[in-house]
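Reviewing the structure listed below.
The values are calculated or read from the model by the stated rules, or taken from the named source; none is laboratory data. None of these values were measured; they are calculated from a predicted model. The protein model used for the area step is the full one, side chains on, heavy atoms only, and it has no ligands, DNA or RNA in it. Shrake-Rupley method; radii C 1.70, N 1.55, O 1.52, S 1.80 Å.
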Amino acid sequence: MGKAIQLQVRKELNGRQQFNIIKLKGSLISKGYTEIIHISDQDDEFHINSFETKMEARGEVQEFIQDFIMKEDLANTISVLRP
């Protein structure tokens with residue numbers, strides 16, 4: 001693949017937020033941006049979700065994620081970590 005993208009995801013989520021995070025991850029996989037998303041603990045408050053994507057798709061993936069966050073009102077729930 002290529003460059004890794006990391007998402008910081010809040011651990012304490014309500015049902016709607018959980019559903020939308022799962023929907024985002026499923027969309028990333030079904031659109032072919034990645035094949036697997038790795039989850040690790042950051043601390044008591046956040047998980048880190050990371051995945052690799054092709055270098056040429058990186059900008060498109062980040063735009064897709066930002067649009068999804070805005071559309072589903074997840075700004076306080078998930079964020080893209082800058083490398």
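Tabulated results
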read-out: Helix 15-30 vs. the chain, principal-axis angle (Cα, 0 to 90°, nearest 10); value: 10 degrees
read-out: Spatially proximal lysines relative to Lys11 (Cα-Cα < 24 Å; intrachain offsets below 8 disregarded); value: Lys23, Lys25, Lys71
read-out: Protein-only accessible surface order, largest first, of Met55, Met70 at 1.4 Å; value: Met70, Met55
read-out: Heavy-atom accessible area ranking, 1.4 Å probe, most first, across Arg82, Arg16, Arg10; value: Arg82, Arg16, Arg10
read-out: List Phe51, Phe46, Phe19, ordered by accessible area with a 1.4 Å probe, largest first; value: Phe19, Phe46, Phe51
read-out: Enclosed volume per residue, in Å³, of the convex hull spanned by Cα atoms of the chain; value: 86 Å³
